[in-house]
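Read-outs throughout are calculated quantities, based only on the coordinates presented, and are distinct from any laboratory measurement. Because the structure is predicted, anything quoted here is derived from the model rather than measured.
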Amino acid sequence: MELNKALKIAHKLKDLLAPHCERIEIAGSIRRRKPEVKDIELVAIPKPYDVGLFESGIATVINQWKKVKGELPCKYTQRLLPEGIKLDLFFADENNWGLIYAIRTGCAEYSHKVLANKWVSMGYKSIEGHLYQNEKKVSIREEKELFDILGIPFLKPEFRNRY
């Protein structure tokens, strides 16, 4: 899908989900400004919600769309939107927002070959969406903090299409 069309859908989704989130942002290829987009990626810190009989909050919106992967509550769900494009929705918390947002902005090769390889070389481990060093969870509240910890210059998303 062309970037401008996907961007409009992504903003509509963000606005729809925002009342149910502490924080939500567009990530992935849209954030990197790729001319062609295969899916819409959002990263969110949801407000508390319920599923099942007493469904509430963000679940009431997400569960309207056909599930491809990930049953709420979860760290990731993929849904098929009425516009015919998939939504990849990644959940974070305030202490791993920066890590998840950086990784999910991608591109996948950049996230793996630059970010992940660097933190592994420095003795960090990624476990269930959090970074650990010497068994201690490291808080990464903003994306730039990850770059600072890794000692690499912050790279604007549109320049993360290659590694």
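Would you pull out the residues with amide H under 5 Å of C21's amide H, same chain only if 5 or more places away, H placed 1.01 Å from N?
Under 5 Å from the amide H of C21 lie the amide H atoms of K47, each far enough along the sequence or on another chain.
Which aspartates and glutamates, if any, have their Cα less than 15 Å from the Cα of K66, not counting same-chain residues under 8 positions apart?
Answer for K66, where 15 Å is the Cα cut-off: D39, E83, D88, listed by chain and number.
Tell me, what is the Rg over Rh of segment 74-163, with Rh the Kirkwood radius over Cα pairs?
Reported Rg/Rh, Kirkwood definition of Rh: 1.00.
Give the span of segment 3-91's Cα atoms along each principal axis, as three whole-Å numbers ordered largest to smallest.
Principal-axis extents of the Cα atoms in segment 3-91, largest first: 41, 24, 19 Å.
Under the definition of Cα pairs under 8 Å and six or more residues apart, what whole-number percent is the relative contact order of the chain?
20
How many percent of DSSP beta bridges within the chain run antiparallel, rounded to 5?
Within the chain, antiparallel bridges account for around 80 percent of the total.
Just report the Cα centroid separation between segment 113-139 and segment 19-72, whole Å.
One Cα centre to the other: 25 Å.
Got the relative contact order for segment 3-91 handy, in percent, Cα pairs under 8 Å and 6 or more residues apart?
24
Check cross-link reach from K137 to the aspartates and glutamates: straight Cα distance under 19 Å, and skip same-chain residues fewer than eight apart.
List returned: D93, E94, E128, E145, D148.
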